[in-house]
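Novice: Below: one structure in C-alpha cells.
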Amino acid sequence: MRMTDIIKKKRDGEKLSKEEIDWMINEYCKDEIPDYQMSALMMAVFYQGMDKDETFYLTMAMKDSGDILDLSQIPGIKVDKHSTGGVGDKTSIALGPLVASCGVPVAKMSGRGLGHTGGTIDKLESIHGFTTNLTEEQFIKQVKEIGIAIMGQTKDLAPADKKLYALRDVTETVDQLSLIASSIMSKKLAAGADGIVLDVKTGNGAFMQNLADAQNLAREMLQIGSQAGKSMTAVISNMNQPLGNAIGNALEVKEAIDTLQGNGPKDFTELVLTLGSYMLVTGKIAENEIDARKMLEYHMKDGTAFEKFVAFVKAQGGEESYVRDVTKLPKATIIEEIETKERGYISFMDTAEIGICSLILGGGRETKESIIDPAVGLIIKKKVGDFVEKGECLAVIHGNDKEKVQQAKEHYLSHIKLSNEKIEKETLIFDVIHA
Ligand code: URA
C-alpha cells in the first residue's frame, strides 16, 4: 500500500477500507509514514469526513496500537465515565466512590491535563501522600478489594492517538467530529470497561460550544462504543457557567467531599446523581434511574459513599486525616472577595475565561512542565440568573501572590456581564442519548 494513494482517495471523497486504515496507523506508529503525509490525510478527513465504518476502524486501530487493560478478573460489570471537560469539573472524584459504594466496580484511568486546573489526578494529589502510580496488578487488586481505583494513564494507552493528536493540534485538524470521537473512544475502549457513561459538555466553557455539535459528538461516540459491544449512554450537560462553585485543585477536592456527604452545590450534586444513575443501571445494580437515584442518595446520606472515598484515599497512600478534616488540605495565604461594580442580574459568564483566573493564580498548567499550586483557585458565589447589589461578592479568590490575585480579580470582572432584566437560570442537563 502507498500513503499517497490513501491521501488521494480521501481527498477525492472516497471511503477508506479497514485494511488501509490498519496499515496506515501501524506504519505511522513505526515512523514509516512521515508527519507531512499524515497531516495531508488529516486535512482531507477534515474536509471530506469519515463515515461510521471508517470512524470505527480508525478507533479500533488506535486502540489496538498499545496496551489494553484486561479487567476480566474483576467480578461485575465495570462501568467507566468520561467527561469532555469543563471548568470546575471534579465529577470523577465524587462519582467514583459514590457508585462504588453502591456496588459498581470503578477501575478508572485519569489524566493530568493542561488548562485552568489540573486533571483529576492533580486534584487528588492535593491530598497528602496520594499517588496514582499503580501497576496494573495493584490497580486490579485494589478494585477487587475495595471496589475502586484511579490510576494515571499508562504511556502505552492508545499511543497512535497520542501521536496523531499532537499532529492534529499543530495542523488545525482537531475540530472534526469523527476524529474527536475516535480519539476519545480509542482511549476509553483500551481502558477495558464493559459500559461507558459519557458526559458531553456544551457551552462557552466546553470543547463543543453549541448543543447540536455536542449531540453529534455524543452520537458518534455512542455509535463507536456500541459497535465495539459496550453499553453506552451520553448525558449532554451545560458548561455556560462553571460546574459547582469551586475551581482549583484542593478547593475542588473539598467540594467533592462535601457532595459525597450530601452537602454539595445543587448543580454539581444533580450532575453526579444523574451520571451515577446511568452508571448503576448500566452496571445492572438498579433496574431504572429512579431506583438508582434513591440508592445513590441513600449512600450519600448514610455516610457509605464518604467512607468508600476514605478507603480509596487510604489504599492509594493518601492521609486519611486530610479528608476527614478538610482544613488540613493545602490552603492559600491570600483570600479576597471579588465585588461587583454594578447591580443587576448576572446574564453571562465567560466560563473558559473564568477558568483562566485559576490558571493566572497558578492552579493549572500552561506547559507540560508547569508546577501546579494545589491551594489556589476560586469559590463562585453568584451564577447566571442571580441578582447582585453593587459591592456584593461575586466570588472569593484564593491565591498565594498579591499581583496574581489582582490580575485574576480584573480578569474575572471583565468576563461577567450584568443585566437590568431578570435572567433565567441555566438548565443543567440538555439531553440524554442512549445507544
Ligand atoms: N480530546 C481527545 O482526547 N481527543 C480529541 O481529539 C479532542 C479532545
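Novice: Tell me which helices (runs of 4 or more DSSP H) are completely within the stretch 266-377 and hold 3 or more residues being touching a residue at least 60 places away in the same chain (Cβ under 8 Å) and open to solvent by less than 40 Å² (accessible area, probe 1.4 Å), or say none if there are none.
Specialist: Hits in the stretch 266-377: 266-282, 289-301, 304-315, 351-361.
Novice: Let me ask something additional. Taking only pairs six or more apart or across chains, which ones have beta-carbon atoms under 9 Å, a first residue in the stretch 408-432 that is aromatic (Phe, Trp, Tyr), and a second residue that is surrounded by fewer than 16 Cβ atoms within 10 Å (Cβ to Cβ)?
Specialist: PHE430/LEU211
Novice: For the stretch 296-328, which positions are of a type outside the set (Gly, Ala, Ser) and in contact with a His (Cβ under 6 Å, 6 or more places away or on another chain)? Reasoning before the result, please.
Specialist: Residues of the stretch 296-328 of a type outside the set (Gly, Ala, Ser): 296-302, 304, 306-310, 312-314, 316, 319-320, 322-328.
Selection gives GLU319, TYR322.
Novice: So in the stretch 133-176, with the set limited to residues that are within 13 Å of the ligand (Cβ to nearest atom) and touching an Asp or Glu at 6+ places or on another chain (Cβ under 8 Å), which one is farthest from GLY119 (Cα to Cα)?
Specialist: LEU167
Per-residue answers, yes or no, for (1) under 16 Å from ALA149 (Cβ atoms); (2) modelled with pLDDT under 95; (3) in contact with an Asp or Glu (Cβ under 9 Å, 6 or more places away or on another chain):
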position	(1), (2), (3)
GLN73	yes, no, no
LYS78	yes, no, yes
GLY88	no, no, yes
SER92	yes, no, no
GLY96	yes, no, no
ALA100	yes, no, no
GLY103	yes, no, no
HIS116	no, yes, no
ILE121	yes, yes, no
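Novice: Given the conditions (1) open to solvent by 60 Å² or more (accessible area, probe 1.4 Å); (2) of a type in the set (Lys, Arg); (3) outside any helix (DSSP H, G or I), report the number of the one that ARG219 does not fulfil.
Specialist: Here ARG219 clears every test but (3).
Novice: Looking at the stretch 72-90, which of its residues are more than 16 Å from the ligand (Cβ to nearest atom) and either surrounded by fewer than 21 Cβ atoms within 10 Å (Cβ to Cβ) or farther than 20 Å from GLN227 by Cβ (or both)?
Specialist: Selection gives SER72, GLN73, ILE74, PRO75, GLY76, ILE77, GLY88, LYS90.
Novice: In addition: Test ASP258 against the criterion of being open to solvent by 10 Å² or more (accessible area, probe 1.4 Å), part of a helix (DSSP H, G or I) and either under 18 Å from HIS398 (Cβ atoms) or in contact with a Phe, Trp or Tyr (Cβ under 9 Å, 6 or more places away or on another chain) (or both), and give yes or no.
Specialist: So ASP258 fits the description; yes.
Novice: Suppose we keep only residues that are within 14 Å of the ligand (Cβ to nearest atom) and aliphatic (A, V, I, L, M) within the stretch 208-223. Which one would you say is farthest from ASP53 (Cα to Cα)?
Specialist: MET208
Novice: Next question. Restrict the check to the stretch 47-64 and report whether at least one residue is in contact (Cβ under 8 Å) with a residue 24 or more places away in the chain and in contact with a strand residue (DSSP E or B) (Cβ under 8 Å, 6 or more places away or on another chain).
Specialist: No; the residues of the stretch 47-64 include none that is in contact (Cβ under 8 Å) with a residue 24 or more places away in the chain and in contact with a strand residue (DSSP E or B) (Cβ under 8 Å, 6 or more places away or on another chain).
Novice: While we're on this one: Just for the stretch 177-207: of the residues that are of a type in the set (S, T, N, Q) and within 12 Å of the ligand (Cβ to nearest atom), which one is farthest from the chain's Cα centre (by Cα)?
Specialist: SER178
Novice: With respect to GLY399, determine if the residue is in contact with a Ser or Thr (Cβ under 9 Å, 6 or more places away or on another chain), surrounded by 14 or more Cβ atoms within 10 Å (Cβ to Cβ) and closer than 24 Å to THR120 by Cβ.
Specialist: Working: in contact with a Ser or Thr (Cβ under 9 Å, 6 or more places away or on another chain): yes; surrounded by 14 or more Cβ atoms within 10 Å (Cβ to Cβ): yes; closer than 24 Å to THR120 by Cβ: yes.
Criteria met by GLY399.
Novice: Just to be sure I understand, how many residues within the stretch 16-52 are farther than 20 Å from VAL174 by Cα and open to solvent by 50 Å² or more (accessible area, probe 1.4 Å)? Give the derivation first.
Specialist: Initially, the stretch 16-52 is screened for residues farther than 20 Å from VAL174 by Cα, giving 17-20, 22-23, 26-27, 30-32.
Cutting the leftovers down to open to solvent by 50 Å² or more (accessible area, probe 1.4 Å) gives us 18-19, 22-23, 26, 30-32.
Of the residues in the stretch 16-52, 8 are farther than 20 Å from VAL174 by Cα and open to solvent by 50 Å² or more (accessible area, probe 1.4 Å).
The values are calculated or read from the model by the stated rules, or taken from the named source; none is laboratory data. Here the structure is a predicted model, which means the values were calculated and not measured. Don't worry about glycine lacking a Cβ; one is built from the backbone with ideal geometry, like all the others, and counts go over all protein chains shown. Keep in mind that these areas ignore ligands, DNA and RNA; they rest on the heavy atoms of the full protein, side chains included. Shrake-Rupley method; radii C 1.70, N 1.55, O 1.52, S 1.80 Å.
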